[in-house]
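Remarks on the structure that follows.
The values are calculated or read from the model by the stated rules, or taken from the named source; none is laboratory data. Please read all numbers here as calculations on a predicted model, not as lab measurements. Counting neighbours? That spans all protein chains shown, and the Cβs are built from the backbone with ideal geometry, glycine included.
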Amino acid sequence: MKVVVAVKRVADANVKVRVKSDGTGVELGNVKMAINPFCEIAVEAAVRLKESGKASEVVAVSVGTDASQEQLRTALAMGADRAILVKGADTLEPLAVAKVLKAIVQREAADIVVLGKQSIDGDNNQTGQMLSALLDCAQGAFASSIEVGDGNVTVTREVDGGLETLQLTLPAVLTADLRLNEPRYASLPNIMKAKKKPLDVVAIEELGVDVSPRLTVLKVVEPAERQAGKRVSSVKELVEKLRNEAGVI
Amino acid sequence: MQRESMEFDVVVVGGGPAGLSAAIKLRQLAVQNGVELSVCVLEKGAEVGAHIMSGAIFEPRALDELFPDWAGMKAPLHTPVESDEIYYLNSARGAVRVPDLFVPATMHNQGNYIVSLGNLCRWLGEQAERLGVEVFPGFPAADVLYDEQGRVKGVVTADMGLDKQGKPKDGFVPGIELHAKQTLFAEGCRGHLGKSLIQRFNLDAEVDAQHYGLGIKEIWEVPEFQHRPGLVVHSTGWPLKEAKAQGGAFMYHLEDRQVVVGQVLDLNYANPYLSPFDEFQQLKHHPLFAEYLSGGKRISYGARAIAKGGLQSLPRMHFPGGLLIGCDAGTLNFAKIKGSHTAMKSGMLAAEVVFESLRDNPEPGLDLANYANQFRQSWLYEELYQQRNFGPAMHRFGNLVGAAYAWLDLNLFKGRLPWTLSDPAPDHDRLLPARQAARIEYPKPDGVLSFDKLSSVFLSNTNHEEDQPCHLTLLSSVVPLAVNLPIYAEPAQRYCPAGVYEVLQEKGAEPVLQINAQNCLHCKTCDIKDPSQNILWRPPEGGGGPSYTSM
């Protein structure tokens, strides 16, 4: 059984990013980049499937510029067998990424696809779901536990109301949530080994996929500064302020 | 425990200017001479440049030698120095400009560039990888490895995945041994392995104690009309003179409306109530700085100790199996307040010596005494020799007379006065007991130009895995509260620029020392200035610490 895991290069979770002064986006020049934390959890899940004998091969995929090779090497160091970089712009929308991944998943004839539930830059939480719709296959998003059976996978999902457990027939697309696992450290010997594992670069044009944007970013602004609260001494004063200052009654 | 091991010809500890230059030069020589040579660089930061912090005015002399075509290769030297101003601040509002004529020659910056050393190191890291150096960010070297004859045979990386009590967690990965024929130690100022090597091999037997300063720096983004790319301002006097401390401030205008502002405070200060952080925050209110920063936004903060003892404090740099290079040894030129080009040159010299030695005799563990000769014959030594009296003169004679001495020494006599001033007292011995010192009440930060410690640490993007052993080891758990607190009012609460050390006292209970190791900026000031020398800085789990952007 083959597992494909998708990873994304994002700004490191610890860096405090700023909005560019022209409001077109976030300042990423010279900012530390890293593998998306949920993608890292997805890679760990895929590698554990291989270690438990359920999967025969783990293929890591990323869509972006050459710089994303760094994140693919991290995935290889964690235990993925092969990596594929689909070389294109690093600003693709979730739908475009889903279409690209569909082409790769079909090319690889994967049984399970694991992604992070969302990336910490866009926070869109769309790619995994869109991918499963495009592939017309089962979907288990926000997975906090994964059990592979014979031709199926049992997924426990973290949903608003609690936990939902589903059994899905393969092939299936799963997205990893925080509590799925604790990703392993990449050790030095594994990092060295990863340099020798195959990393193929595929030009995005080869896949014949329409990745033109459907959205235009109008502007990006920082969240408004938190205003200081006001203390009121009586209900009368509260009502007066709600009416005359806040204008809500 | 039996650990895995990896073999390299040369292991470099530290991905800063010295370490990267050494690694690059080694691979350049290997390629030129058609020789196999495996070189790796261990860096404790999450990426190369993450822990690098400096002003910085960069003299391209060493870079010219390492990469003559650095401009064509797009090295990040974008802002040449346009104007150079030095001021003496006589009060909170007054400033006197020092005419160029009276400025020591070493402080003229024509031909130099204002750079982000972090970005330059990133670029050097890329060049190193292109040349075949294995760069390993996120892997601190925890300890030195010795063979049966006591020669350095490499280092062992830190364990990953220990909990607060030091017990292995689920994902525990033991550190790996890296064996090398020669190990170059380039951890920067007060590197913990450098400290242990100096002790073990008695490398400082014939020199003065090393002297340190603490540099605190911020990057601001300012309105276009206040931005003057290429402007260099240095100042001394207020506020440090009020607390009878030495040091000076700097302000450099980079590209992209970014202004760097900072202060270096000499760690030989005597008043235990002094807070380097607060001294710096005050400085920004002086009109000289405020006029450029007003209306701007603070985008970065960081701190790092610097080794300023110069030649008189430079230890022997070679020992069996290894070399000490860059600020780990103490190659910074204090009269120029520049250490990057000197660190690079010391690394390049080391590479040449190591390469020659390994080519003729690939035996591990050799003591490369030839490094001392090559060092002596280089422009690096000449430069350090010329300015050798600047630091000690400032310590001995104070700011004004010391500066006058320096002007005479460097401008008139070009450093050739026939004596060498010495400065043997270590910085940590200089603190007065609290009862003999005047308390200092610092003004509250205004949140516009000056800020509190915690919101400052926030801007350094510092993070450490919470569940890990505390990396700030106390040799005795009793000393902070039994000695430092009653005698010196536990100065760690004030000299640490990250708020790591706090003495908390509940009503009616005994005081307790709380160590907020997660805030640590890896500046090494506590290891340097603790009057009891009770704090031992060790590297935390790999990848932790600041994540400086363009510092």
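Looking only at residues of the stretch B:61-89 that are surrounded by fewer than 16 Cβ atoms within 10 Å (Cβ to Cβ) and in contact with a strand residue (DSSP E or B) (Cβ under 6 Å, 6 or more places away or on another chain), we find that the one that is nearest to the other protein chains (Cβ to nearest Cβ) is B:PRO80. Which residues, counting only those in the stretch A:193-232, are loosely packed, with under 15 Cβ neighbours inside 10 Å, within 14 Å of another protein chain (Cβ to nearest Cβ) and within 25 Å of A:ILE104 (Cβ to Cβ)? A:LYS193, A:LYS195, A:LYS196 - these are the residues of the stretch A:193-232 that are loosely packed, with under 15 Cβ neighbours inside 10 Å, within 14 Å of another protein chain (Cβ to nearest Cβ) and within 25 Å of A:ILE104 (Cβ to Cβ).
Considering B:ARG304, B:ARG298, the condition of being out of contact with any helix residue (DSSP H, G or I) (no Cβ under 7 Å at 6 or more places or on another chain), buried (at least 24 other Cβ atoms within 10 Å of the Cβ), of a type in the set (D, E, K, R) and outside any helix (DSSP H, G or I) is satisfied by B:ARG304 alone. Among the candidates B:ASP100, B:ASP143, B:ASP170, the residue that is surrounded by fewer than 20 Cβ atoms within 10 Å (Cβ to Cβ) and either basic (Lys, Arg) or at pLDDT 95 or above (or both) is uniquely B:ASP143. Within the stretch A:184-225, the residues that satisfy the criterion of being touching a strand residue (DSSP E or B) at 6+ places or on another chain (Cβ under 8 Å) and in a loop (DSSP other than H, G, I, E, B) are A:ARG184, A:TYR185, A:SER187, A:LYS197, A:PRO198, A:VAL220, A:VAL221, A:GLU222. Does any residue of the stretch B:178-197 turn out to be in contact with a Ser or Thr (Cβ under 8 Å, 6 or more places away or on another chain), within 14 Å of another protein chain (Cβ to nearest Cβ) and touching a residue at least 24 places away in the same chain (Cβ under 8 Å)? Yes, because at least one residue in the stretch B:178-197 is in contact with a Ser or Thr (Cβ under 8 Å, 6 or more places away or on another chain), within 14 Å of another protein chain (Cβ to nearest Cβ) and touching a residue at least 24 places away in the same chain (Cβ under 8 Å). Within the bounds of the stretch B:199-206, is there any residue that is outside any loop (DSSP other than H, G, I, E, B), crowded, with 19+ Cβ neighbours inside 10 Å, away from chain A (no Cβ under 14 Å) and hydrophobic (A, V, I, L, M, F, W, C)? Among the residues of the stretch B:199-206, not one is outside any loop (DSSP other than H, G, I, E, B), crowded, with 19+ Cβ neighbours inside 10 Å, away from chain A (no Cβ under 14 Å) and hydrophobic (A, V, I, L, M, F, W, C), which makes the answer no. Look at the stretch B:308-330 and say how many of its residues are at positive phi and either surrounded by fewer than 24 Cβ atoms within 10 Å (Cβ to Cβ) or in the same structural domain as B:GLY16 (by TED's automatic domain parsing) (or both). Of the residues in the stretch B:308-330, 3 are at positive phi and either surrounded by fewer than 24 Cβ atoms within 10 Å (Cβ to Cβ) or in the same structural domain as B:GLY16 (by TED's automatic domain parsing) (or both).
One residue is enough: does the stretch B:51-70 have a residue meeting the conditions at pLDDT 95 or above and more than 26 Å from the chain's Cα centre (by Cα)? Yes: one or more hits. Going by what's in this entry, would B:GLY171 be described as without any contact (Cβ under 8 Å) to a residue 12 or more places away in the chain and of a type in the set (Gly, Ala, Ser)? Yes: the conditions hold for B:GLY171.
Could you pull out every one of the strands (runs of 3 or more DSSP E) wholly within the stretch B:72-179 that has 2 or more residues that are more than 29 Å from B:LEU324 (Cβ to Cβ) and among the aromatic types (Phe, Trp, Tyr)?
Of the strands (runs of 3 or more DSSP E) lying wholly inside the stretch B:72-179, those with at least 2 residues that are more than 29 Å from B:LEU324 (Cβ to Cβ) and among the aromatic types (Phe, Trp, Tyr) span B:83-89.
Close contacts from the stretch A:181-192, counting a first residue that is facing chain B (nearest Cβ under 7 Å) and a second that is of a type in the set (S, T, N, Q), with Cβ to Cβ under 8 Å and a gap of 6+ residues or different chains, come to A:LEU188/B:THR157.
For the stretch B:8-38, the set of residues classified as over 24 Å from the mean Cα position of the chain (by Cα) and part of a strand (DSSP E or B) consists of B:PHE8, B:ASP9, listed by residue number. Is it the case, given these coordinates, that B:ASP256 is acidic (Asp, Glu) and closer than 30 Å to B:ARG316 by Cα? Considered against the rule, which asks whether it is acidic (Asp, Glu) and closer than 30 Å to B:ARG316 by Cα, B:ASP256 comes out as no. Look at the stretch B:363-392: where a residue is over 17 Å from B:MET317 (Cα atoms) and charged (D, E, K, R), no partner that is modelled with pLDDT of 95 or more and in a helix (DSSP H, G or I) sits 6+ places away or on another chain with Cβ atoms under 6 Å. Taking only the stretch B:416-470 into account, find how many residues are among the acidic types (Asp, Glu) and under 17 Å from B:ALA517 (Cα atoms). Residues in the stretch B:416-470 being among the acidic types (Asp, Glu) and under 17 Å from B:ALA517 (Cα atoms): 3 in total. Looking only at residues in the stretch B:150-172 that are out of contact with any Gly (no Cβ under 7 Å at 6 or more places or on another chain) and within 19 Å of B:PHE319 (Cβ to Cβ), the one that is farthest from the other protein chains (Cβ to nearest Cβ) is B:GLY150. Residues that are among the hydrophobic types (A, V, I, L, M, F, W, C) and loosely packed, with under 11 Cβ neighbours inside 10 Å do occur in the stretch A:234-246.
The stretch A:81-151 holds strands (runs of 3 or more DSSP E) entirely within its bounds, and those carrying 1 or more residues that are touching a Pro at 6+ places or on another chain (Cβ under 6 Å) map to A:82-87. For the stretch B:431-483, name all the residues that are away from every other protein chain (no Cβ under 14 Å), in a loop (DSSP other than H, G, I, E, B) and exposed (fewer than 14 other Cβ atoms within 10 Å of the Cβ). Within the stretch B:431-483, B:PRO433, B:ALA438, B:ARG439, B:GLU441, B:PRO443, B:LYS444, B:ASP446, B:LEU475, B:SER476, B:SER477, B:VAL478 qualify.
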